[in-house]
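The values are calculated or read from the model by the stated rules, or taken from the named source; none is laboratory data. Everything numeric here is computed off the predicted structure, so don't read it as measured data. In this analysis, Cβ positions are derived from the backbone assuming ideal geometry, glycine residues included, and neighbour counts consider all displayed protein chains. The protein model used for the area step is the full one, side chains on, heavy atoms only, and it has no ligands, DNA or RNA in it. Shrake-Rupley method; radii C 1.70, N 1.55, O 1.52, S 1.80 Å.
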Amino acid sequence: MNKKLENSLLFIWLVSLVATLGSLYFSEVRGYEPCELCWYQRILMYPIVLITLVAYIQKNARIAATTAVFSCIGGTISLYHYGIQKLDFLSENAPACGRVPCTGEYINWLGFITIPFLALTAFVLIAITSFYMLKMLKEDK
């Protein structure tokens, strides 16, 4: 595995680790109870930390296909979640999410940065890096 692929794996691992630690900080330290959509995003983000760490140790860049799938699905959920927080026409028809409404905003930094926005940013970074890795792997064949 070349250095660019190795660094890309490390980057994906770092982004997913920061996202995971950030979500745990918001829920366990700040006491923000995650809504149902937040749980789905966590279900897709947390495994990326483990699988990229193992792939990095094994020097297995082919894991990029898996991280691409996880991040695209997670990013879609994050985008929808962000939309129901910020767009009136979506929030009016938002599904009931259990004890915590999915339209709630625990944070709203600079008027647009919410927890789903942070998750979306992480998923987009992971997806872009994963597709870059897949392109590099294809070119190496």
Problem set entry | Loop-resident sites, segment 62-101, for trypsin sites (Lys or Arg not before Pro), counting at most 15 other Cβ within 10 Å (DSSP) | Arg99
Exercise. Computed FRET efficiency, Cβ-Cβ of Glu92 and Thr121, R0 41 Å: what is it to the nearest 0.05?
Worked result: 0.95
Seminar exercise, completed: For the pair Lys59 and Leu10, the simple spin-label estimate (label points 7 Å beyond Cα toward Cβ) gives in nm 1.5 nm
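Do the sum for the chain: with -39,500 (n - 2.57) for every DSSP H run of n ≥ 4, divided by all residues, what is the mean residue ellipticity at 222 nm, to the nearest 500 deg cm²/dmol?
-24000 deg cm²/dmol
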Seminar exercise, completed: For Phe117, Phe11, Phe89, Phe131, the accessible-area ranking with a 1.4 Å probe, largest leading, is Phe89, Phe131, Phe11, Phe117
For this session: Return the Rg/Rh value of the chain, two decimal places, where both radii are evaluated on C-alpha atoms and Rh is the Kirkwood radius.
Result: 1.03
Problem set entry | Summed residue charge, Cβ within 15 Å of Glu105's Cβ, Lys/Arg positive, Asp/Glu negative | 0
Problem set entry | Sequence of Met1, Met45 from largest to smallest accessible area, 1.4 Å probe | Met1, Met45
Seminar exercise, completed: Over segment 87-141, with neighbouring protein chains present, the accessible area per residue in Å² at probe 1.4 Å is 66 Å²
Problem set entry | Accessible-area ranking of Leu120, Leu10, largest first, probe 1.4 Å | Leu10, Leu120
Seminar exercise, completed: Placing each pseudo-label 7 Å from Cα in the direction of the beta carbon, Trp109 and Val29 end up separated by a distance in nanometres of 1.2 nm
For this session: Please find the FRET efficiency linking Glu139 to Leu21, where r is the Cβ-Cβ separation and R0 is fixed at 35 Å, and quote it to the nearest 0.05.
Result: 0.55
For this session: Kindly point out which whole DSSP H helices in the chain project their C-alpha atoms 24 angstrom or further along the helix axis while averaging a Kyte-Doolittle hydropathy of 1.0 or above.
Result: 3-24, 36-58, 115-140
